[in-house]
Amino acid sequence: MRPALSTGRGGQVLRPRPPAAPRRARSLAALALGLALAAAVGAWAGRLPPYAPPPPPDRFGGPLAPAPLVSRGRRVASRPPGGEVLVDGRYRTSAVWCGGHPTPAAPAWVAIEVGGGHDRLLLSFTSSGNHDWRDQVNGAPADYRIETSADSRDGADGHWRTAVSVTGNPVRARAHALDFHHQRWVRLVVTRLPEPMNPWGLFLDEIDVHDLSRGGTDGWVFLGDSITSTVFDRAPAHQPSFAEAVAARHPGYFPAMVSAGQGSLHHRDAPRLVDEVLALLPEARVVVLGFGSNDGDPAAFRADLVEAIRRVRAAGRIAIVPRIPFRPGSPVDYPARLNAVVDEVTATLGLLPGPDLYAWFRDHPEQLADGLHPDDRGAVEMSRLWAEAVAPLYPPAGAVAAR
């Protein structure tokens with residue numbers, strides 16, 4: 001029997017509506033559709049790792065996003081040959097790549113097959129035959145470019161596009177971010193050396209390539225005096241370095257680091273050096289200000305320290321200041337006077353406190369080779385102290401890094 005038809009206003013016939021699905025049934029149907037779509041997207045995405053959006057910054061600017069090292073042990077091609085030593089993880093050794101005297105017509109180049117799946121990279125090189133950051137005579141390049149290729153088979157053939165071009169490089173170690181979408185090879189091409197230069201020409205000891213595809217911000221520059229130059233050169237006797245120490249504490253992380261040490265650095269030179277670091281290393285998220293061992297005037301030191309911090313923060317970076325190392329045998333304990341300034345400025349400006357290098361070397365003076373510079377054991381301990389002090393910039397132990 002048919003249901004009776006009802007009439008609305010004006011005698012309009014209203015036909016009965018089909019019964020509505022229960023709300024719970026509609027919700028379950030929507031959920032099932034969503035799961036099916038998610039499964040389809042997952043199948044389409046293949047082996048892409050899951051992505052978790054980074055948490056909001058904490059009061060110190062962390063947590064840092066990981067920038068995994070992806071170049072160690074990769075396939076390498078070079079001209080002149082021998083470029084495989086550049087991905088062996090050994091810095092400041094006699095095992096270096098000798099590139100001769102390159103020119104624009106006859107460049108020296110080294111290519112690394114990073115492989116696919118990376119949208120953005122950070123490439124850094126070191127010429128560790130030079131001690132200070134601004135030393136170049138022992139093999140650093142002046143003019144160079146970084147190229148990428150999607151179709152090269154051996155690092156030499158194929159099509160190459162220029163991602164970065166540099167003229168007049170003034171330092172021994174540098175890092176550059178570059179687009180790597182749908183690419184497989186990255187190549188450093190050196191076309192000119194600075195003057196003066198050693199008779200044998202270009203010497204590089206390592207190239208590190210880090211993956212920035214997931215927004216990596218784990219980039220560090222250690223700005224300081226000769227202590228910085230000595231400790232953070234990552235020589236075999238100074239391993240585990242800061243990067244290795246952080247990697248051991250925080251799985252999934254391996255900081256990209258550059259040592260910007262300059263011998264005899266005084267506080268009055270620090271703001272200018274900060275400007276150079278910010279300009280030459282734009283991907284360095286954390287800037288360590290490790291000077292003071294050559295200084296003695298607390299008021300002047302404070303003024304330049306605060307200005308250096310201001311410039312770092314104005315550039316959107318994180319500034320960290322360690323306590324100045326103890327110096328045994330000095331008639332006046334200048335580090336103690338200046339560390340009172342470090343403590344006050346760190347607290348006033350809300351900085352993450354750096355390691356207490358004063359207390360460590362006061363208690364371990366035998367780890368100072370000459371009463372000022374750490375020996376090999378002291379360098380390793382400094383890197384360990386740094387890794388411990390900056391742990392708040394990384395996820396807690398056991399947490400999974402966002403990829």
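Could you list, in sequence order, all residues of the stretch 157-179 that are part of a strand (DSSP E or B) and either in the same structural domain as Q262 (by TED's automatic domain parsing) or not charged (D, E, K, R) (or both)?
Once the filter is applied, which keeps residues that are part of a strand (DSSP E or B) and either in the same structural domain as Q262 (by TED's automatic domain parsing) or not charged (D, E, K, R) (or both), the stretch 157-179 yields T162, A163, V164, S165, V166, A173, A175, H176, A177, L178.
Mind listing whichever residues of the stretch 231-260 are within 16 Å of Y91 (Cα to Cα) and not hydrophobic (A, V, I, L, M, F, W, C)?
Within the stretch 231-260, D233, R234, P236, H238, Q239, P240, S241, E244, P255, S259 qualify.
Taking the criterion of being within 19 Å of Q136 (Cα to Cα), surrounded by fewer than 24 Cβ atoms within 10 Å (Cβ to Cβ) and touching a helix residue (DSSP H, G or I) at 6+ places or on another chain (Cβ under 9 Å), would at least one residue in the stretch 264-274 satisfy it?
Looking for residues that are within 19 Å of Q136 (Cα to Cα), surrounded by fewer than 24 Cβ atoms within 10 Å (Cβ to Cβ) and touching a helix residue (DSSP H, G or I) at 6+ places or on another chain (Cβ under 9 Å), one finds at least one in the stretch 264-274, hence yes.
Does R285 satisfy the criteria of being charged (D, E, K, R) and within 18 Å of A260 (Cβ to Cβ)?
Yes, satisfied.
Residue check: is D211 surrounded by fewer than 21 Cβ atoms within 10 Å (Cβ to Cβ) and more than 20 Å from A95 (Cα to Cα)?
The answer is no for D211.
The rows are residues; the columns are (1) surrounded by 21 or more Cβ atoms within 10 Å (Cβ to Cβ); (2) free of Cβ contacts under 8 Å to residues at least 40 places away in the same chain.
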residue: A315; (1), (2): no, yes
residue: I320; (1), (2): yes, no
residue: P328; (1), (2): no, no
residue: Y334; (1), (2): no, yes
residue: D343; (1), (2): no, yes
residue: A359; (1), (2): no, yes
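Enumerate the pairs (first residue in the stretch 112-131 and closer than 16 Å to N169 by Cα; second residue anywhere and hydroxyl-bearing (S, T, Y) and surrounded by fewer than 23 Cβ atoms within 10 Å (Cβ to Cβ)) with beta-carbon separation below 7 Å, excluding pairs fewer than 6 apart on the same chain, so at least 6 apart or on different chains.
Final answer for the pair search is T126/Y91; S128/Y91.
If a residue counts only when it is more than 16 Å from the chain's Cα centre (by Cα) and touching a residue at least 24 places away in the same chain (Cβ under 8 Å), which strands (runs of 3 or more DSSP E) contained entirely in the stretch 180-267 have at least 1 such residues?
Passing ranges, in order: 185-192, 202-204, 219-224, 256-261.
Given the condition more than 26 Å from the chain's Cα centre (by Cα) and touching a residue at least 12 places away in the same chain (Cβ under 8 Å), answer yes or no: does some residue in the stretch 369-389 qualify?
Scanning the stretch 369-389 turns up at least one residue that is more than 26 Å from the chain's Cα centre (by Cα) and touching a residue at least 12 places away in the same chain (Cβ under 8 Å).
For the stretch 327-342, does any single residue satisfy the condition of being among the acidic types (D, E), farther than 26 Å from S124 by Cα, in contact with a Phe, Trp or Tyr (Cβ under 9 Å, 6 or more places away or on another chain) and modelled with pLDDT of 95 or more?
Scanning the stretch 327-342 turns up at least one residue that is among the acidic types (D, E), farther than 26 Å from S124 by Cα, in contact with a Phe, Trp or Tyr (Cβ under 9 Å, 6 or more places away or on another chain) and modelled with pLDDT of 95 or more.
Using the structure shown, decide if P298 is under 20 Å from V390 (Cβ atoms), at pLDDT 95 or above, of a type outside the set (A, V, I, L, M, F, W, C) and in contact with a helix residue (DSSP H, G or I) (Cβ under 9 Å, 6 or more places away or on another chain).
Judged against the criteria, P298 is not a match.
How many residues does the stretch 111-133 hold that are over 30 Å from S229 (Cα atoms) and of a type in the set (D, E)?
Count: 2.
Could you figure out which of (1) more than 24 Å from A243 (Cβ to Cβ); (2) touching a strand residue (DSSP E or B) at 6+ places or on another chain (Cβ under 6 Å) isn't true of V186?
(1)
Yes or no: P141 surrounded by fewer than 21 Cβ atoms within 10 Å (Cβ to Cβ), in contact with a strand residue (DSSP E or B) (Cβ under 6 Å, 6 or more places away or on another chain) and either more than 30 Å from L273 (Cα to Cα) or at pLDDT 95 or above (or both)?
Criteria not met by P141.
The values are calculated or read from the model by the stated rules, or taken from the named source; none is laboratory data. In this text the structure is predicted, and so the values were computed from the model without any measurement. Note that each Cβ is placed from the backbone with ideal geometry, even for glycine, and that neighbours are counted across all protein chains shown.
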